[in-house]
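A.B. asks: Okay, handing you the structure first.
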Amino acid sequence: MKIVVAKKLGFCYGVKRAIQIAEKVGNSGERTVTLGPIIHNPQVVAALREKGIGYVDDLQEVTDEAVIIRSHGVGPSCYNIANGKNIKIIDATCPFVLRAQKEANSLVRAGKTVLIFGEKNHPEVRSIAEWALDRAIVVESVDELEALPDFDEVSVVSQTTFSQRLFQEMLDVLSRKAETVDVYRTICNVTEERQSAVIELAEHCDAVIVIGGKKSGNTRRLYELAQASGKPAFHIETAAELKRTWFTRDMTVGITAGASTPDWIIEEVVLAMEDMNKTFEEMEMEYDFRKGSEVEGTVVELTDDEAYVSFGYKTEAVLTAREYSFPAPKSMKDVLAVGDTVQAVITNAVKEDGTIYISKIKLDRLADWDIVESALEKDEPVECEGIEAIKAGLLVQIQSLRGFIPLSQGDLRFVRSLSFLVGSKFPAKVLEVDRQKNRLVLSRKAVLEEHREEEMVNMREAFENHSVLTGVVKKIMPYGAFIDVNGIEGLLHISDIAWNKVDKVEDVLEPNQEIEVVIKSFDEEKQRISFSRKETLPDPWLENIENYAVSDAVVGKVVKLIDFGAIVELEDGLTGLLHISEITKDRSKKVADVLQEGDKVEVQIIGINKARKRISFSLIEVEERTAAEEPAAEEPAEEASEGDQE
């Protein structure tokens, strides 16, 4: 099978720019979301989520995060809402989309009749239509265009990823329905290049694979162009969707990808296809003399490298160390003795006066094939040992059998190599068995997924019971750390590491460190977990508040003035509210008329709420108490004065 990759494929400039903007913001640690999925590719969206950048469908869902406008762009109403809510906007709109928006806006403002060729429900088209003040007509098919009335004069803009072929067909129809047609070609040149490339690819191939998100408009159009060629076409998102039944060994298969498909997904598909090609070649290979007779004989002579076995034929058969077991014994004398019985299979043609070779390991394989076939039927795992990492995956040993784990089936996430499994033993599920062609394909990923599902049940119970769990720090990021608890990873945000403020995660945590955590939030549907470490630690607020009681007079420092009072900090760091009504009885005065930041004041504690961690202070109570005590202190002096007069 020959594999041909399109000359132009994958990320376009606008998408690459949007991803770079999102990753830069993510690395800064700033709390950020995108308005809608940043591109129509679920794998990229999931990768950004792991970096702390999720998405919202509506600005009403935004709290204190910055918002990235995706490459599809938005209408002016979105910017107006953001300004009204003081939301920070990071604009990643594709420059080509911006040009289409401006063209539509200026044409409508000039009083022109404007048609937008594109998908009505596509976010990019909705944004262009809104910039056209909702006065433009969106048309997405020839039939819709035919149903419109005739025009004297009309202007045309289009979705940047619209089909060139359909665009031209619609222009041909429009030229018959209008006296004058002004065309503003806003189809991105990268889109044109990719559409031309897939047409050329289909001409020279027997089948075409189109890689990209199922919701991606530009990917869907590449798929439609590939189908229009009359060749078999397959639209996939990842290599896991590939099926060997789609192809034959003598085919030429083309590969292309939409503008929202990252390089690593394309590379995974190419590697999987190369592995499939290698499998086709291996399937044609057959063992020489594989279909021999089973024999049972007696060991009559031994050397370090060979055993001579008599099985009733006129000459003894030779059983080498390599054909005895895997791994081969260092000496056959260590595993056999003269007189032992051996069962084996003849591996070469029996010729007059020729040497006969037999194999015990091949006979053992028959029983081992039964084991793996049973495991496949019962959906049970078998134990493997990693032998050799190759470009397409991992070669493994299962008893006497050799198997293969494709790269995409080695781990829960995409990895570029499975070399970390070489020399280790692990369970794997059987995906495919063909003993006639000596083919055994397995999946470690399937076992990990089962384990993850089981652990997610345990995680839900731990979340509901607020159980303390032991985890390991896997990766440290500016905004927190990813913690592994029994194979399930979740985010420990920097604000949940300790009760005191943490400036750098590295100051508290380090990779591979064991820590105790509780589950702070649990989303089983999205398989997203966040942890808290500080909730497993003593709360210094609750410890320090035991030193105080209501009615205590204390000295504090004014650390912040607010409209309705002041925040006062005690020596041990506890803070509380001194409400304006407890500062002065003069309602005409403001807080700043009485207090300034940095002032040290004596206040009385008038309220402690341990559940909400709130302290309330009063300055008036202290002043009134002081005023009440002053006359009592003056009475002895007056009595003394009267005595002097007598």
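The values are calculated or read from the model by the stated rules, or taken from the named source; none is laboratory data. In this text the structure is predicted, and so the values were computed from the model without any measurement. So basically every Cβ, Gly included, is an ideal-geometry build from the backbone, and we count neighbours across all protein chains shown. Accessible surface areas use protein heavy atoms only, side chains included; no ligands, DNA or RNA. Shrake-Rupley method; radii C 1.70, N 1.55, O 1.52, S 1.80 Å.
A.B. asks: Please list Thr32, Thr245, Thr536, Thr355 in order of solvent-accessible area, largest first, computed with a 1.4 Å probe with all protein chains present.
C.D. replies: Thr245, Thr355, Thr536, Thr32
A.B. asks: Sticking with this one: Quick one: 3J(HN,Hα) in Hz for region 380-388, Karplus 6.51/-1.76/1.60 with θ = phi - 60°, rounded, Gly and Pro as x.
C.D. replies: Along region 380-388, the couplings run 10, x, 10, 7, 10, 10, x, 9, 8 Hz.
A.B. asks: Taking the Cα centre of region 1-129 as origin, sum charge times position over the Cβ atoms of Lys and Arg (+1) and Asp and Glu (-1), and report the length of that vector in debye to the nearest 20.
C.D. replies: Roughly 640 debye, rounded to the nearest 20.
A.B. asks: Could you state, as a whole-number percent, how many of the C-alpha pairs of region 400-475 are farther apart than 14 Å?
C.D. replies: 71
A.B. asks: In debye, nearest 20, what is the charge dipole magnitude of the chain about its Cα centre with +1 on Lys and Arg Cβ and -1 on Asp and Glu Cβ, if you could check?
C.D. replies: I would put it at about 3500 debye.
A.B. asks: Just read off the accessible area of Lys214 with the full protein assembly in place, 1.4 Å probe, to the nearest 10 Å².
C.D. replies: The accessible area of Lys214 comes to roughly 100 Å².
A.B. asks: What accessible surface, in Å², does a 1.4 Å probe find on Glu179, ignoring ligands, DNA and RNA and rounding to the nearest 10?
C.D. replies: Using a 1.4 Å probe on the heavy atoms, I get roughly 150 Å².
A.B. asks: Pop a pseudo-label 7 angstrom from the Cα along the beta-carbon direction at both Lys501 and Ser551 and give the gap in nm to one decimal.
C.D. replies: With each label point 7 Å from Cα toward Cβ, the separation is 3.7 nm.
A.B. asks: Going Cα to Cα from Lys215, which lysines come in below 25 Å? Please leave out same-chain ones fewer than 8 positions away.
C.D. replies: Lys7, Lys8, Lys16, Lys51, Lys120, Lys231, Lys243, Lys526
A.B. asks: Around Ala18, what is the net charge, scoring Lys/Arg as +1 and Asp/Glu as -1 over all other residues with Cβ under 15 Å from its Cβ?
C.D. replies: Counting the neighbours of Ala18, the net charge comes to +2.
A.B. asks: If you count only protein heavy atoms with a 1.4 Å probe, what accessible area per residue comes out for the chain, rounded to a whole Å²?
C.D. replies: Computed with neighbouring chains in place, this is 52 Å² per residue.
A.B. asks: Further, regarding this structure: Any chance you could run the full-extension gain for Asn27 through Ala228? It's 0.36 nm times the residue separation minus the Cα-Cα distance, nm to one decimal.
C.D. replies: 68.1 nm
A.B. asks: Given 0.36 nm per residue, what is the gain on full extension from Leu542 to Asp64 after removing their alpha carbon distance, in nm?
C.D. replies: Separation in residues times 0.36 nm, less the Cα-Cα distance, equals 169.3 nm.
A.B. asks: Here is a follow-up. Pairs of Cα atoms under 8 Å, at least six residues apart: use those to get the relative contact order of the chain, whole percent.
C.D. replies: Relative contact order, the chain: 7 percent.
A.B. asks: Moving on to the next point. Please give the length that would be gained between Glu274 and Asn438 if that part of the chain were fully extended, namely 0.36 nm times their separation in residues minus their C-alpha to C-alpha distance (nm, one decimal).
C.D. replies: Residue separation times 0.36 nm, minus the Cα-Cα distance, leaves 57.1 nm.
A.B. asks: State the answer as a single residue: which of Phe162, Val318, Thr248 lies farthest towards the positive end of the charge dipole of the chain, with beta carbon charges of +1 for Lys and Arg and -1 for Asp and Glu, about the Cα centre.
C.D. replies: Towards the positive end, the residue furthest out is Thr248.
A.B. asks: Another question, if that's okay. Quick check: Cα centre of region 447-512 to Cα centre of region 103-136, how many Å?
C.D. replies: Cα centroid of region 447-512 versus Cα centroid of region 103-136: 47 Å apart.
A.B. asks: Something else about it: Against the longest alpha carbon principal axis of the chain, how many degrees, from 0 to 90 and to the nearest 10, is the axis of helix 13-28 turned?
C.D. replies: Compared with the principal axis, the helix lies near 60 degrees.
A.B. asks: Next question, about the same structure. What three numbers, in Å, describe the spread of the alpha carbons of region 3-144 along their principal axes, ordered from the longest?
C.D. replies: 53, 46, 22
A.B. asks: Taking the alpha-carbon set of the chain, what are its Rg and Dmax in Å?
C.D. replies: Cα-based Rg and Dmax for the chain come out at 37.7, 154 Å.
A.B. asks: Tell me, rounded to the nearest percent, the portion of alpha carbon pairs in region 116-258 spaced more than 23 Å apart.
C.D. replies: That fraction is 42 percent.
A.B. asks: Treat every Asp and Glu Cβ in region 316-392 as -1 and every Lys and Arg Cβ as +1, leave all other atoms uncharged, and give the resulting dipole magnitude about the Cα centre to the nearest 20 debye.
C.D. replies: Dipole about the Cα centre, nearest 20: 380 debye.
A.B. asks: Further question on the same structure: Which of the peptides 154-160, 553-559, 105-111 is most tightly packed, and how do the rest follow, going by the mean number of other Cβ atoms within 10 Å of each residue?
C.D. replies: 154-160, 553-559, 105-111
A.B. asks: How much of the accessible area of the chain, probe 1.4 Å, is carbon plus sulfur, in whole percent?
C.D. replies: Carbon with sulfur: 46 percent of the solvent-accessible area.
A.B. asks: Any idea which of Leu491, Asn547, Ile209 is furthest toward the positive side of the dipole for the chain, if Lys and Arg beta-carbons carry +1 and Asp and Glu beta-carbons -1?
C.D. replies: Working it through, the farthest residue towards the positive pole turns out to be Ile209.
A.B. asks: Just to check I understand the Karplus step: with θ = phi - 60° and J = 6.51 cos²θ - 1.76 cosθ + 1.60, what whole-Hz values come out for region 187-202, glycine and proline as x?
C.D. replies: Once rounded to whole Hz, the list reads 5, 4, 5, 5, 4, 4, 4, 5, 5, 5, 5, 6, 5, 5, 4, 5.
A.B. asks: Pairs of lysine in region 415-524 with Cα under 30 Å and at least 8 positions apart or on different chains: total?
C.D. replies: Within region 415-524, the lysine pair count is 20.
A.B. asks: Also: Go through Val62, Val342, Ser588 and say which Cα lies farthest out towards the positive end of the charge dipole of the chain; charges sit on Cβ, +1 for Lys and Arg, -1 for Asp and Glu.
C.D. replies: Projecting each Cα onto the dipole axis, the largest value belongs to Val342.
A.B. asks: What are the semi-axes of the equivalent ellipsoid for region 25-79, taken as the square roots of 5 times the Cα gyration tensor eigenvalues, largest first, in whole Å?
C.D. replies: Ellipsoid semi-axes (Å, largest first): 18, 14, 9.
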